[in-house]
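Below you'll find the structure, written out as structure tokens, and then a few comments.
Each reported figure results from applying straightforward, stated rules to the coordinates on display, with no laboratory input. The model shown is predicted, which means the values in this text are computed figures rather than measured ones. Ideal geometry is used to build each Cβ from the backbone, glycine not excepted, and the neighbour counts take in all protein chains shown.
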Amino acid sequence: MLSLFRPNHDVQIAQPGPDWRPASDTVWIDLLNPTEAEEDAVELALGIDIPTREEMAHIEPSSRLYQENGATFMTATLLAHSQDQHPISVAVTFILVHNLLVTVRYDELKAFNIYAARLGGAGSIHSADLFLGLMDAVVERLAETLEQTSAQVEACAVEIFGPSRARRFEPLLTALARAQSISALARSALVSLGRLCGYAALAPEITQSLASPPHLSALQHDIQSLTEQASYKSSHIAFLLDAALGLINIEQNGIIKFFSVVAVIFLPPTLVASIYGMNFDHMPELHWVAGYPMALGMMVASVVLPLVWFRRKGWF
């Protein structure tokens with residue numbers, strides 16, 4: 001799908017044909033899952049070579065930022081589907097060329113939809129301001145995702161260290177594992193955006209605008225702060241995972257200890273019952289009037305004495 005943004009107009013969906021050209025006041029071309037015809041039309045109209053999906057996926061990190069034919073190409077890895085069960089990373093290419101922003105992506109990104117809706121019907125805007133505004137929306141979305149993840153992690157921490165004896169560790173471990181995955185993907189996206197913003201300072205559209213360098217510097221500061229937050233959150237989640245596994249081991253050890261104590265307690269009575277269950281003629285106790293009470297007393301004593309001993313040692 002090929003979407004066009006023009007000042008004082010709503011976002012338009014274009015169907016490029018032969019000799020297609022964007023309107024002269026177009027400032028943003030967004031290619032979402034573009035067809036080959038749409039890619040060819042934009043390449044022919046702007047005189048650039050748009051990277052394909054395969055090229056975007058296999059571009060080395062050191063080769064994701066380059067200038068070619070007067071255009072600045074910047075590819076970043078962003079977080080997508082953060083609200084779904086399995087969030088993913090997707091490659092997005094930003095191209096600044098002829099005072100025009102071109103974005104190429106192959107997955108829905110909420111930040112793009114939010115920013116496009118925010119721009120609907122807006123007045124004149126420079127491509128550099130458009131690019132930095134879109135970066136702001138992407139960073140804001142990542143910050144919101146990290147805040148939501150932080151709230152979920154804190155809820156898990158309260159559950160893990162709370163007084164409840166009926167806690168269920170399986171959903172806690174699943175929630176923490178998902179939070180760790182989101183934090184790792186968010187940090188990867190932030191690092192990628194940090195490199196992209198550092199290279200964007202070289203783009204002519206940025207250097208020619210007086211307001212863009214300070215805006216870009218503030219954006220880099222925000223990215224650095226969020227990167228540190230994501231790193232801290234990952235370490236905190238790792239601690240909670242270790243704590244949960246430690247508590248699981250403690251509970252399992254308690255269960256094993258209980259059964260071990262029970263087994264030791266019932267060993268002496270079993271021994272006594274086994275001895276007096278033997279059918280020997282020469283067993284004096286079998287003919288005693290007090291033989292049966294004596295055997296029962298020995299069994300009770302063999303239970304009570306280990307219990308007293310274990311209690312004094314603090315084992316039970």
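Just the C-alpha atoms of the stretch 180-252: what Rg/Rh do they give, with Rh taken as the Kirkwood radius?
1.29
What nm distance separates the two modelled labels at ALA211 and SER260, each placed 7 Å from Cα along Cα→Cβ?
Computed distance between label sites ALA211 and SER260 equals 7.1 nm.
What lysines does LYS110 reach when the alpha-carbon gap must be under 27 Å and sequence neighbours fewer than 8 apart in one chain are set aside?
Within reach: LYS233.
For the stretch 24-174, place one equal point scatterer on every Cα, skip the solvent, and apply the Debye formula. What is log10 of I(q)/I(0) at q = 0.12, 0.17 Å⁻¹?
Log10 I(q)/I(0), no solvent term: -0.61, -1.02.
When all C-alpha to C-alpha distances in the chain are sorted into bins of 10 Å, what percent of pairs does each bin hold, rounded to whole numbers?
Reading upward from the zero bin: 5, 20, 21, 13, 9, 7, 6, 6, 6, 4, 2, 0.
Longest exposed-loop-site-free stretch of the chain, with trypsin sites (Lys or Arg not before Pro), DSSP loop and at most 14 other Cβ within 10 Å?
That would be 1-164.
Exposure proxy check: VAL42, VAL11 ranked by fewest other beta carbons within 10 Å?
Ranking VAL42, VAL11 by Cβ neighbours within 10 Å, fewest first, gives VAL11, VAL42.
Ordered by packing density, taken as the mean number of other Cβ atoms within 10 Å over each peptide's residues, highest first, how do 213-220, 243-250 rank?
213-220, 243-250
Rounded to the nearest 20 Debye, what is the dipole magnitude of the chain about its Cα centre when Lys and Arg each give +1 and Asp and Glu each give -1 at the C-beta?
Charge dipole of the chain: 1940 debye, to the nearest 20.
Roughly how many Å is it from the Cα centre of the stretch 84-145 to that of the stretch 33-53, as a whole number?
First find each Cα centre; the distance between them is then 19 Å.
Quick test of the membrane-span-like rule: which DSSP H helices of the chain reach at least 30 Å along their long axis (C-alpha atoms) with mean Kyte hydropathy at least 0.0?
Length and hydropathy pass: 127-161, 169-200, 212-276, 291-313.
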